[in-house]
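Read through the structure below, which is laid out as structure tokens, and then see the notes.
Just so it is clear, none of the values below were taken in a lab; they were calculated from the coordinates. Predicted, not measured: the structure shown is a model, and the values here were computed from it. Please note: Cβ atoms are built from the backbone with ideal geometry, for glycine as well, and neighbour counts cover all protein chains shown.
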Amino acid sequence: MFNIGDTVVCSNGVCRIEKIGPLTGMGRSAADRTYYTLRPCFDNAATIYVPVDGDDNALRFALDKDEVKELMNEIDDLDQIDISDEKKRETEYRNAVNSKDPRRLIRIIKTMYFRRKARIESGKKSTAIDERYFRIAENRLYEEMAMALSIDRDEVKEYIRNYIEKK
């Protein structure tokens with residue numbers, strides 16, 4: 001169970017729980033259930049409602065500073081996604097993004113970094129699917145790390161680079 005004020009990760013990214021209770025003005029079925037009212041940390045205009053009694057995997061606690069450092073220590077050990085079939089790779093990307101697992105997001109980013117480099121060296125561009133999932137993975141991971149480290153989202157890439165270079 002989560003509490004008001006908790007920072008969580010859902011399918012839309014990093015959010016804060018603002019309220020827990022029934023929804024008013026949204027019909028009888030919404031009033032009969034208890035919902036988490038979430039405010040995305042990087043989009044103050046949006047509001048997300050997640051049923052408390054819904055999917056156990058709909059929310060997870062966001063990483064804290066120590067967990068981010070632990071994650072950084074694992075980067076070298078996280079394998080790239082090695083799937084040559086475009087459709088199967090896209091399915092893996094989609095599943096990774098939907099899993100809300102930061103390790104799987106790192107795998108996408110790592111895969112894309114090396115795939116992009118190899119394609120450019122051979123005179124090709126990145127595929128639209130690769131670029132799309134790269135942006136999604138990068139945004140979600142960087143938002144969560146920015147919250148945990150109390151830095152701007154734009155500073156996360158530099159933080160990762162510095163962390164890896166110090167190892």
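Per-residue ellipticity at 222 nm from helix content only, as computed over the chain with -39500 (n - 2.57) for each DSSP H run of at least four residues, stands at -15500 deg cm²/dmol. Overall, segment 97-144 carries a charge dipole of about 200 debye about its Cα centre when +1 sits on the Cβ of Lys and Arg and -1 on the Cβ of Asp and Glu, all other atoms neutral.
Taking a quarter of the surface of the Cα convex hull of segment 7-61 gives a mean projected area of 3.7 nm².
Pairs Lys87/Lys157; Lys65/Lys100; Lys69/Lys124: which are spaced more than 24 Å apart, C-alpha to C-alpha? Intermediate results must be reported in sequence, preceding the final value.
Details: Lys87/Lys157 29 Å; Lys65/Lys100 17 Å; Lys69/Lys124 35 Å.
In this structure, Lys87/Lys157; Lys69/Lys124 lie more than 24 Å apart at Cα.
Amide H contacts under 5 Å for Arg33: Leu23, restricted to partners 5 or more places along the chain or on a different chain, H placed in the peptide plane at 1.01 Å from N. Modelled this way, with points 7 Å down the Cα-to-C-beta line, the labels at Ser122 and Leu78 are 2.5 nm from one another. Our analysis of the chain gives Rg over Rh at 1.03, with the two radii drawn from alpha carbon positions and Rh computed by the Kirkwood formula.
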